[in-house]
Amino acid sequence: MPLKFALPALLLCTVAASVAGEAPLTYRLASYNISYRVTRESLAEPLDSSMTWEYPVVTPVQAPANRLLNAWLREESLNGFKMCLPGELRAATDRKLVASLSTDPGFAECEWKQSVIQPRSAFGRYVTFERVTEWIGSTQPQHGIEILTFDLAAGVAVDISTMFKPGALEALNGALAEQIANDPKRPDCPGRRFEWFQVSLRPPAELVVELPFNPAEWRDCGDGVEMLSGKVVSKQLLNAATLRPIRQWVKEQQ
């Protein structure tokens, strides 16, 4: 079964409060199961396996801004396993792609388990998503987590670092190291640090850092979710006013 990262409840849903009169963002999920058969030499007999491929479709799909966003989301979901995806299939419909990969020996050799994108937050002109990937690897399952950010007004993906002052990454990593060191309940883990692609911002001043599953690091440092909040975050923002209003993500009934 593909690994589903068990985040705290507060990370599984977006900020509940929204500015009065501000419409929520609605979406449905395009979700598929790609079955394939593994036939590597180390196996006594072929092994049936599968991959979860999932990404949000923001509604209404006819809205021009949503068309750009949805095209980007689908492409990013494919980028999660692009090294195992025949190039000619990128333009295929979802159902044709799923059917073709189920019988593609090259895809089966990659032994992918999931490429899943889920909405995370929405604030000002920005929306953010989390992409989780998982594949078998040479000796044990490998995992990746990446936070993706899209500028609705400009219709393009952006780096979350553009919302922060120069040098903010080092300052925030320093704040995390200090927070760990000052917590008597936490293990001594001064080397834990993060990059921008692991950062999710929740205005006005909360930062969530998600690290992929790593047995050794999680054993020594605690689980893969870290949080920073308050002035340590707000003083690193370029312009907090542009990150309002906060909006909700609402999943449509399917």
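For the chain, a crude dipole built from +1 on the beta carbon of Lys and Arg and -1 on the beta carbon of Asp and Glu, taken about the Cα centre, is about 800 debye to the nearest 20.
GNM on the chain, alpha-carbon springs under 10 angstrom: the most fluctuating residue among ALA91, ALA122, ALA177 is ALA91.
Please name which of CYS110, TRP218, PHE150 has its Cα lying farthest along the dipole of the chain towards the positive end, using unit charges on Cβ (Lys, Arg +1; Asp, Glu -1) and the Cα centre as origin. With unit charges placed on the Cβ atoms, the residue in question is PHE150.
Beyond 19 Å, the tail of the calculated P(r) for the stretch 67-205 holds 63 percent of the Cα pairs. When the chain is treated as a GNM with alpha-carbon contacts under 10 Å, the residue of SER35, SER200, SER77 showing the greatest mean-square fluctuation is SER35.
Scaled against the 2.2 N^0.38 Å expected of a compact globular protein of N residues, the Cα radius of gyration of the stretch 10-251 reads 1.12. Comparing Cα centroids, the stretch 64-139 and the stretch 178-254 end up 25 angstrom apart. Entry note, the chain: relative contact order of 22 percent, from Cα contacts under 8 Å with a spacing of 6+ residues.
From helices alone, the chain scores -6500 deg cm²/dmol at 222 nm; the rule is -39500 (n - 2.57) for each run of n ≥ 4 DSSP H residues, then divide by the residue total.
Loop-located trypsin sites (Lys or Arg not before Pro) across the stretch 172-241 with a Cβ neighbour count of 14 or fewer within 10 Å are LYS185, LYS235, with loop assigned by DSSP. For the stretch 145-254, GluC sites (Glu not before Pro) are listed when DSSP marks them as loop and at most 15 other Cβ atoms sit within 10 Å of their Cβ; the list is GLU195, GLU252. Among ARG74, ARG37, ARG186, the largest mean-square fluctuation in a Gaussian network model of the chain (Cα springs under 10 Å) belongs to ARG186. When you restrict to C-alpha pairs under 8 Å that are six or more residues apart and normalise by the size of the stretch 96-194, the relative contact order lands at 15 percent. DSSP beta bridges confined to the chain are antiparallel in about 90 percent of cases.
Read-outs: derived from the displayed coordinates by stated rules, not from any lab. Quantities reported herein were computed from a predicted structural model and do not represent experimental measurements. Methodologically, a virtual Cβ is constructed for each residue, glycine included, from the backbone with ideal geometry; neighbour enumeration extends over all protein chains shown.
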